[in-house]
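K.L.:
Take a look at the following structure, please.
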Amino acid sequence: MSAIPAIAVEPEIQSARTSRHIISVIVRDPLSLISTIVIILFIFIAIFAYQVAPYPLEGAGKTNVSHSLLPPSLEHPFGCDKLGRDVLSRVIVGARPALIVPIGVVAFAVLIGAPLGAIAGFKGGWIDEFIMRITDLFLAFPSLLLAMAIDSALGRGIQNAAIALIVSWWPWYTRLVRGVTISLKERYFVEAAQAIGVRDSVIILRHILPNTISAILVQATVDLGTVILAMGGLAFLGLGTQPPSPDWGLMVSEGRTYILEQWWISTFPGVAIFVVVLAFNLIGDTLRDIFDPRQYR
Amino acid sequence: MKQNRLLIFIMLAVMLMVSACGGATQTPITTEAPVTPPTEVVQLTQAPPTAVPPTQVPAPEPTAAPKVLRIALTANFTTWDPIKSFSTEAAYMANMYEQLLRINPPGSAERFTPLLAESWESSADGLTWTFHLRQGVTFHDGEVMNANAVKMSIDAARDHGGASFIWAPLNATTILDDYTIVFILKYAAPVDLIASSLYGAWIVSPKALEAVAADDTYFETGKEAGTGPYMLDSYTPDQEVVFNKFDNYWGGWKPENYDSVLCQIVPEATTQQQLLEGGEVDLAGSIPNDNLDSFKSNPDYNVYIEKSFFNYVGFFNTLRPPLDNPQVRQALSYAIPYQDIITIAFSGLGTQSRSPVPEGVWPWSDQVNQYTYDMNKAKELLTQAGYPNGGFPMRLTYASENSAEANFAPLIKDSFAQLGIDVTIESMLFNQQWELSKSDPANAQDMFLLLYWPTYSDAGSDNLWSMFYYTEAPFFNLSYWNNPDYNSQLDQAIADTVVDPAKSQQEYIDVMNLLVDQAPGVFFLDTKAAYVIPNHIAGFKYNLNYPFTPFWFYELTPAK
Amino acid sequence: MHRVEFILRRLLSSIFVLIGVSIITFTVARVIPSNAAAMYIGPKARPEDIARVTVKLGLDKPLPVQYLVYMGELLHGDLGTSIGTKRPVLLELSSRLPATLELLFTGMAIAVIIGVPMGVISARWQGKPTDVFVRVIAIIGVSMPAFYLGLLLQILFFRRLDLLPLAGRFSNELRFTNPINMVTNFLLIDALIMRNWIALKDVAYHLVLPALTLAAYPAGLVARMTRATMLEVMEQDYIRTARAYGIRETVIVYFYALKNALSPTLTVIGLTFAFALTGTFFVEVIFNWPGLGLFTVHSLLNVDYPAIMGITLFGSVMYVLINLAVDLLQAWIDPRISLK
């Protein structure tokens, strides 16, 4: 979880941050360019996993006993695991839970947290107090611990791990959006809209929330990296995806027994996690630079 | 910003205070027995000696260390209470406590070794068993071991022991005199076998039994009150247990025996292997099966591969169609890749089972049939049963703690897929898997993978009965199978065990063949156990009857 | 009056949060798992044993009653008994806390010692290859999964190079040759006060790999924050003035800028402490480190509900109480806050 909440963005400056601007900045910075390409590549792989993987069935879990523990070779660039399944295929198919689920987690956390934060910030008063107390309540738990507890209580599995992470993550967005909303509230256009008689809910939906998007976007991008790490960690501990489904964190854990001789079983999934998270962090940095250069990097 | 800094400093300060308090209030987990202080100045306790002033701490230069045996084990204590004990702590219990007698490995000259009982006999009808106890034995807490102690221990075990069911045949225990005790049974049963059990047969000091009757958490801080060769020195949960030799042990001591044994609790087999290779431990209880080859070719180690007491069974839910049709079950039994499972999930360390009775344990026999891996036969039988293309789903559950099951469940899935049967694999904590199976059979699984072992060396009254005898609330009968022929034949075989062993064996063979034929379950394999013993340790003797106790400390010595 | 009102409001809201925390924890740990009694005694128990234990543990009473009983015990400091070890949960927590704290402090120390200079250097040479290099290193630290890094370090330093120990806090021999007198349970300190140098060295060796693994994420974070703060400070007018006066660049950076950048950096260091905390779960599992993290993971995997409740409550209550104390202190120091 990123330590630094993004500071409110001035709406006036924001109009300069058109998507064209973003793209040009990214293209010019080699690190960002590579990261974007990597992310797009992985998302592509995740969507078309079964077409891309050389041994799609094995990727899903079908065993091939005669190939047990084969080292990397031309037919199996990442080698084979204990049950003879091609590790490359498993990594490819595993990209789905590794990427799609965290995107879902962050999306839901935003969907739940952002409106709550906007309402709290805008209305103020006891609604604000109430929402803030609930947020405090959830923030009182270390997020990973809460996620682990919920997950083990609900029964281990990737859905429950996702639910657990959503429950742990949404308060951050509430806080974030509330902060932005409070500063936006002072803006003229809000006063003006209220003077005309526009309803509060419309103001929130049409004016406040859209202006929080940049802050949310920066936060979400970096959070994606963190959530991917968290899901990998949960799977590693046995609290996430259950075998025989492929999952990078799970594969690292499964390969741990063989790490001395058959290093490839744990190494490649671990590298995959690292590369994806790195890419998201780099892009998040760049976005932050674009939207608020004064922001701590 | 200042606020946050203040917050952090306060948080740190509070945590420091809490942990300092924690350090001081931690109850020193040392043994309570009156031990004569060792002559060498060695401090073996890990708990903070709250009452000891700093000047009594031994000097920091290396002192002459006592002979210590260092072992890495996965076994943890689920309880310290010898009566309640029914799990992995047996690895330690067996060195601190003793039974009346111990059963020897199969093929030994004598079937039993007398321990706290020197001799015993039974009446002709097998209903009365008399045990003559050894004299001059004391418990670690100083109490004398006599018939009263035995009576109290056995009665407690029968009453609320973890394995109390082994004493089901017992009617009453009677004390004839200080060193003679009589077991009166309701029906004939092999009390010598039962009393040699790893669970529910420990003889415990009467003083301790009284203490635990008053406060049932008496043992849990880490106390013991046995007669065994080693006594508890210190215990750090999840970390280690240290034992010292019990000077007054009735078996006497030789200079080669170890003075202390340090058991490190290490849950990962890979870590244990690394500790063993690095010389940080002398013995490791679990080495990953795949890595045994490197030890086999290493002249510094001996690798022992032994039959074990454990086997794997897969229960079919016989209440749910089409699994209620024996032909379907037989078909599925032909569709199990037995050899692949052994090779892949167990690295070859196993043999295919004949019924759920493991090899080496009564009443195993090679005249019991087995299925083979024959997909054609499977398809044929399925077609005859009316499912030529399979077409039904199955839900298979296994225990997530068991990595072997995790490895062979997919093999079953793939094999059944060839028959057109779609298997969904669900891994869950064993407790949850168990819960599910005991709930409404309409919700229960279709196939339940189980690792099983008998509580004592009688797989007739244990395995065959526990797993497939019909009881209204299923015990281990997770196939929910109810076959009256099986039930009555099994009853007869069990009853004849003591009275007419030869007849009993034949009855058992028939009943096992009936079981295999009707196939309410799949009998995968009997596992083998592998132990890697470095050359500098002598005295390792594997006893299949005590699967959780790989190491008997008293018998291990440094090699010459 | 405002002050009093503020204090009351904060107190009330803290109590609300605490009660909410206890309800959530209670729900998660006791309501959701199906049959706690069976889990307590294990699978081979007979139905009558399960019934007996259900009554003994008070699980047959209606939920609200169970909750009240639990709260009552809590207020007496009784966090229940762990199913796994059959000892009081509070004892389990307090006996393992020092191990985790020692790991955390060492890890954070490494993170700061590495991170701050990295950030300063990076800011000094902003835009140059050094800056890019340091930034990449920092971001790698933040992106690397802790469990993976730990495994890699183990293979490299234990298996291939045979330089550092594999796991645990100290070697087995130590217990018999140079035993450590456990006073604080912080082994480094304990060995130090008794001048037990051999033990000190052994303990330090065992700390290296786990602390390094733990430090990767905070080090990266600290480096990035320090760099950002330094950059911001260096844009200030007084720095420009100092440059105009001709003061050497090195002095400007390492003395003036750093001094002013230190304060917010310290704050960040405090915050990364919280993140390092979650790293302990993985590090302790991989290195078999007997701390709270390992205990938490085991309790979760075994659904040891009293332990889970105890751990979650402990962490949350600490956080809430400290927040409250700080808020009250702040209001006392600066009354203006109570007006907000």
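K.L.:
Identify the residue in region C:219-242 that is more than 13 Å from chain A (Cβ to nearest Cβ) and surrounded by fewer than 13 Cβ atoms within 10 Å (Cβ to Cβ) and, among all such residues, is nearest to C:Ser122 (Cα to Cα).
P.N.:
C:Arg240
K.L.:
Here's a follow-up. For region C:90-104, does any single residue satisfy the condition of being among the hydrophobic types (A, V, I, L, M, F, W, C), away from every other protein chain (no Cβ under 12 Å) and out of contact with any Asp or Glu (no Cβ under 6 Å at 6 or more places or on another chain)? Working first, answer last.
P.N.:
Here is the first cut: in region C:90-104, the residues among the hydrophobic types (A, V, I, L, M, F, W, C) are C:90-91, C:93, C:97, C:99, C:101, C:103-104.
From what's left, away from every other protein chain (no Cβ under 12 Å): C:103.
Retained after the next criterion (residues that are out of contact with any Asp or Glu (no Cβ under 6 Å at 6 or more places or on another chain)): C:103.
Yes, region C:90-104 has at least one match.
K.L.:
Now for a separate question. Checking the condition surrounded by fewer than 19 Cβ atoms within 10 Å (Cβ to Cβ), farther than 21 Å from A:Trp263 by Cβ and more than 14 Å from chain C (Cβ to nearest Cβ), which residue from A:Leu111, A:Leu116, A:Leu69 passes?
P.N.:
After applying the criteria, what remains is A:Leu111.
K.L.:
Going by the conditions given, is B:Gly350 under 19 Å from B:Leu450 (Cα atoms) and touching a helix residue (DSSP H, G or I) at 6+ places or on another chain (Cβ under 6 Å)? Let's see the steps before the verdict.
P.N.:
Numbers: under 19 Å from B:Leu450 (Cα atoms): yes; touching a helix residue (DSSP H, G or I) at 6+ places or on another chain (Cβ under 6 Å): yes.
Yes, satisfied.
K.L.:
Next question. Suppose we keep only residues that are within 25 Å of B:Thr79 (Cα to Cα) and of a type outside the set (D, E, K, R) within region C:70-82. Which one would you say is surrounded by the most Cβ atoms within 10 Å (Cβ to Cβ)?
P.N.:
If we filter region C:70-82 for residues that are within 25 Å of B:Thr79 (Cα to Cα), which is where we start, we get C:70, C:73-74, C:77-82.
Those left that are additionally of a type outside the set (D, E, K, R): C:70, C:74, C:77, C:79-82.
Working: C:Tyr70: 21, C:Leu74: 17, C:Gly77: 8, C:Leu79: 22, C:Gly80: 20, C:Thr81: 22, C:Ser82: 26.
Looking at the filtered set, the residue picked out is C:Ser82.
K.L.:
Take the residues in region C:161-190 that are out of contact with any helix residue (DSSP H, G or I) (no Cβ under 9 Å at 6 or more places or on another chain) and in a loop (DSSP other than H, G, I, E, B), then tell me which one is nearest to the other protein chains (Cβ to nearest Cβ). It would help to see each step written out before you state the result.
P.N.:
Narrowing region C:161-190 to residues out of contact with any helix residue (DSSP H, G or I) (no Cβ under 9 Å at 6 or more places or on another chain): C:161-162, C:175-176.
Next, only the ones that are in a loop (DSSP other than H, G, I, E, B) stay: C:161-162.
Values: C:Leu161: 13, C:Asp162: 8 Å.
Looking at the filtered set, the residue picked out is C:Asp162.
K.L.:
Return yes or no: is A:Ile4 at pLDDT 75 or above, within 14 Å of another protein chain (Cβ to nearest Cβ), within 26 Å of A:Trp170 (Cα to Cα) and crowded, with 16+ Cβ neighbours inside 10 Å? First the steps, then the outcome.
P.N.:
On the way: at pLDDT 75 or above: no; within 14 Å of another protein chain (Cβ to nearest Cβ): yes; within 26 Å of A:Trp170 (Cα to Cα): yes; crowded, with 16+ Cβ neighbours inside 10 Å: yes.
When the stated conditions are applied, A:Ile4 does not pass them.
K.L.:
When region C:155-195 is examined, which residues are found to be under 28 Å from the mean Cα position of the chain (by Cα) and either over 22 Å from B:Gln239 (Cα atoms) or aromatic (Phe, Trp, Tyr) (or both)?
P.N.:
Those that are under 28 Å from the mean Cα position of the chain (by Cα) and either over 22 Å from B:Gln239 (Cα atoms) or aromatic (Phe, Trp, Tyr) (or both): C:Ile155, C:Leu156, C:Phe157, C:Phe158, C:Leu163, C:Phe170, C:Phe186, C:Leu192, C:Ile193, C:Met194.
K.L.:
Which residues, taken from region B:390-437, are in contact with a Pro (Cβ under 9 Å, 6 or more places away or on another chain) and of a type in the set (A, V, I, L, M, F, W, C)?
P.N.:
Residues satisfying the conditions are B:Phe392, B:Ala406, B:Phe408, B:Ala409, B:Leu411, B:Ile412, B:Ile421, B:Val423, B:Ile425, B:Phe430, B:Trp434.
K.L.:
Which ones in region B:244-272 are more than 25 Å from C:Ser94 (Cα to Cα), among the hydrophobic types (A, V, I, L, M, F, W, C) and either crowded, with 20+ Cβ neighbours inside 10 Å or within 14 Å of chain C (Cβ to nearest Cβ) (or both)?
P.N.:
B:Phe246, B:Val261, B:Ala269
K.L.:
Something else about it: What's the number of the only condition in (1) within 14 Å of chain A (Cβ to nearest Cβ); (2) touching a helix residue (DSSP H, G or I) at 6+ places or on another chain (Cβ under 8 Å); (3) under 30 Å from A:Phe236 (Cβ atoms) that B:Leu451 fails to meet?
P.N.:
So the condition that B:Leu451 fails would be (1).
K.L.:
Pick from C:Ala216, C:Ala204: which is out of contact with any Pro (no Cβ under 9 Å at 6 or more places or on another chain), surrounded by fewer than 24 Cβ atoms within 10 Å (Cβ to Cβ) and closer than 21 Å to C:Ala276 by Cα? Walk me through it before giving the result.
P.N.:
Values: C:Ala216 fails: surrounded by fewer than 24 Cβ atoms within 10 Å (Cβ to Cβ).
Every option except C:Ala204 fails the conditions.
K.L.:
Which number in (1) crowded, with 22+ Cβ neighbours inside 10 Å; (2) in contact with a helix residue (DSSP H, G or I) (Cβ under 6 Å, 6 or more places away or on another chain); (3) over 26 Å from B:Thr455 (Cβ atoms); (4) aliphatic (A, V, I, L, M) marks the one condition that B:Leu332 misses?
P.N.:
(2)
K.L.:
Please work out which residue is nearest to C:Glu284 (Cα to Cα), limiting yourself to region B:213-247 and to residues that are at pLDDT 90 or above and among the polar types (S, T, N, Q).
P.N.:
Out of the qualifying residues, it is B:Asn244.
K.L.:
Return yes when B:Ala208 is surrounded by 18 or more Cβ atoms within 10 Å (Cβ to Cβ), assigned to a loop (DSSP other than H, G, I, E, B) and among the aliphatic types (A, V, I, L, M) and no when it is not. Working first, answer last.
P.N.:
Details: surrounded by 18 or more Cβ atoms within 10 Å (Cβ to Cβ): yes; assigned to a loop (DSSP other than H, G, I, E, B): no; among the aliphatic types (A, V, I, L, M): yes.
For B:Ala208, the condition - surrounded by 18 or more Cβ atoms within 10 Å (Cβ to Cβ), assigned to a loop (DSSP other than H, G, I, E, B) and among the aliphatic types (A, V, I, L, M) - is not met.
K.L.:
Can you give me the number of residues within region B:338-389 that are surrounded by fewer than 21 Cβ atoms within 10 Å (Cβ to Cβ), part of a helix (DSSP H, G or I) and more than 14 Å from chain A (Cβ to nearest Cβ)?
P.N.:
8
K.L.:
Additional query: Return the only residue of A:Glu261, A:Glu254 being acidic (Asp, Glu), at the interface with another protein chain (Cβ under 9 Å from one of its Cβ atoms) and assigned to a helix (DSSP H, G or I).
P.N.:
Details: A:Glu261 fails: assigned to a helix (DSSP H, G or I).
Answer to the check: A:Glu254.
K.L.:
I've got another one for you. Going through C:Val132, C:Val120 one at a time, which residue ends up being in contact with a helix residue (DSSP H, G or I) (Cβ under 9 Å, 6 or more places away or on another chain) and either crowded, with 18+ Cβ neighbours inside 10 Å or modelled with pLDDT under 80 (or both)?
P.N.:
Values: C:Val132 fails: either crowded, with 18+ Cβ neighbours inside 10 Å or modelled with pLDDT under 80 (or both).
Of C:Val132, C:Val120, the one residue that is in contact with a helix residue (DSSP H, G or I) (Cβ under 9 Å, 6 or more places away or on another chain) and either crowded, with 18+ Cβ neighbours inside 10 Å or modelled with pLDDT under 80 (or both) is C:Val120.
K.L.:
Moving on. Look through region B:148-205, keep the residues that are touching a residue at least 40 places away in the same chain (Cβ under 8 Å), among the polar types (S, T, N, Q) and not in a helix (DSSP H, G or I), and return whichever of them is surrounded by the most Cβ atoms within 10 Å (Cβ to Cβ).
P.N.:
B:Ser205
K.L.:
Say we look at region C:59-69 and pick out the residues that are touching a helix residue (DSSP H, G or I) at 6+ places or on another chain (Cβ under 6 Å) and within 18 Å of C:Ile308 (Cα to Cα); which of these is modelled with the lowest pLDDT?
P.N.:
At the first step, the residues of region C:59-69 found to be touching a helix residue (DSSP H, G or I) at 6+ places or on another chain (Cβ under 6 Å) are C:59-60, C:67.
Going one step further and asking which of them are within 18 Å of C:Ile308 (Cα to Cα), we end up with C:59, C:67.
Numbers: C:Leu59: 72, C:Tyr67: 83.
Once the filter is applied, the top-ranked residue is C:Leu59.
K.L.:
Residue by residue through region B:422-441, note down the ones that are more than 11 Å from chain A (Cβ to nearest Cβ), free of Cβ contacts under 8 Å to residues at least 40 places away in the same chain and assigned to a loop (DSSP other than H, G, I, E, B).
P.N.:
B:Ser439, B:Asp440 - these are the residues of region B:422-441 that are more than 11 Å from chain A (Cβ to nearest Cβ), free of Cβ contacts under 8 Å to residues at least 40 places away in the same chain and assigned to a loop (DSSP other than H, G, I, E, B).
K.L.:
With respect to C:Phe158, is the statement that it is out of contact with any strand residue (DSSP E or B) (no Cβ under 8 Å at 6 or more places or on another chain), in a helix (DSSP H, G or I), modelled with pLDDT of 85 or more and within 10 Å of chain B (Cβ to nearest Cβ) true? It would help to see each step written out before you state the result.
P.N.:
Values: out of contact with any strand residue (DSSP E or B) (no Cβ under 8 Å at 6 or more places or on another chain): yes; in a helix (DSSP H, G or I): yes; modelled with pLDDT of 85 or more: no; within 10 Å of chain B (Cβ to nearest Cβ): yes.
Considered against the rule, which asks whether it is out of contact with any strand residue (DSSP E or B) (no Cβ under 8 Å at 6 or more places or on another chain), in a helix (DSSP H, G or I), modelled with pLDDT of 85 or more and within 10 Å of chain B (Cβ to nearest Cβ), C:Phe158 comes out as no.
K.L.:
Take region B:66-94 and flag every residue that is among the small types (Gly, Ala, Ser) and within 11 Å of chain C (Cβ to nearest Cβ).
P.N.:
Scanning region B:66-94 gives B:Ala72, B:Ser85, B:Ser87.
The values are calculated or read from the model by the stated rules, or taken from the named source; none is laboratory data. Being a predicted model, the structure only gives us computed values, none of them experimental. Counting neighbours? That spans all protein chains shown, and the Cβs are built from the backbone with ideal geometry, glycine included.
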